[in-house]
Amino acid sequence: MKRMARIAVLLSLVEELKKNGSWCGETHIQKTTYFLQRMLEDDLGLDFILYKHGPYSFDLSEELGRLRADNLVKVVPQNPYGPRMLPGRAWADLKETFPKTINRYAKKVSFLGHWLGNKGVAELEKLATALYVTKELNIEGGQRAEKIHELKPHVSLEEARAALNELDMQMDSVRELVAAV
């Protein structure tokens, strides 16, 4: 995917997250982008690793910095918390340039916004780590909760199981969505 098309998808995701009550901090954008790539199987060309708070892309972090410089994202300070990232002034022009790309991803972006938009950072970390263990490490069944707890000792086995249950339910519900695109 070319850079500007990827940016159009990313900013439509940010817009959808905001619409659904998200804080829209970098962590929210990181995790939902990871879900778009791995759960909904849309390769945006971003590499993710398991980092402190779940899957993280240094590529995406750098891209968000470039988006700020290009006025495609504006950063709004929110003391005492971290800043929010919202579509910037140039977003309207980009929307007009890539309507087909944005439309092609609209259902998936909407799904992610509705599901993940109102979740906090801690909940996103658990869900994204559950997806990481499932997709990247190819671990199945009951061993997934133990692996999450091993990777993230602050996540209890009960919390890991709850995240996996939610993830599995959502993965079942999106099979048609993934197949449609």
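No lab work stands behind these numbers, since they all come straight from the coordinates. These figures come from a predicted structure and were not determined experimentally. Positions of Cβ are backbone-derived with ideal geometry, glycine not excepted, and every protein chain shown enters the neighbour counts.
Please list, by residue number, every one of the GluC sites (Glu not before Pro) in region 97-181 that is coil in DSSP and has at most 12 other beta-carbon atoms within 10 Å.
Answer in residue order: E140.
Can you work out D for region 79-153 in µm² s⁻¹ from Stokes-Einstein, where Rh is the Kirkwood radius over C-alpha pairs, the temperature is 25 °C and the viscosity is 0.890 mPa s?
158
Which FRET efficiency, nearest 0.05, do N165 and S61 yield, Cβ-Cβ r, R0 45 Å?
0.90
Given contacts defined as C-alpha pairs under 8 Å and at least six residues apart, what's the relative contact order of the chain, whole-number percent?
Result for the chain is 27 percent.
Using helices alone, I'd like the mean residue ellipticity at 222 nm for the chain: each DSSP H run of four-plus residues gives -39500 (n - 2.57), total over residue count, nearest 500.
Computed ellipticity for the chain at 222 nm equals -20000 deg cm²/dmol.
Are there any trypsin sites (Lys or Arg not before Pro) in region 64-105 that are in a DSSP loop and have at most 15 other Cβ atoms within 10 Å? List them by number.
R89
Along the Cα→Cβ direction, 7 angstrom out, place labels at A92 and K135. What is the inter-label distance in nm?
Spacing of the two 7 Å Cα→Cβ label points: 3.4 nm.
Between K74 and residues 5 or more places away or on another chain, which pairs have amide H atoms under 5 Å apart, with H built 1.01 Å from N, and which residues are they?
Long-range HN contacts for K74: L86, G88.
What residue among I139, I29, I102 has the largest mean-square fluctuation in a Gaussian network model of the chain, using Cα springs under 10 Å?
Ranking I139, I29, I102 by mean-square fluctuation puts I139 first.
Would you mind getting me the FRET efficiency between K19 and L151? Use the beta-carbon distance for r and R0 = 30 Å, nearest 0.05.
For R0 = 30 Å, the calculated efficiency reads 0.40.
For the chain, evaluate the Debye formula with one uniform point scatterer on each Cα (no solvent term) and list log10 I(q)/I(0) at q = 0.16 Å⁻¹, rounded to two decimals.
Ignoring solvent entirely, the Cα scatterers give -0.96.
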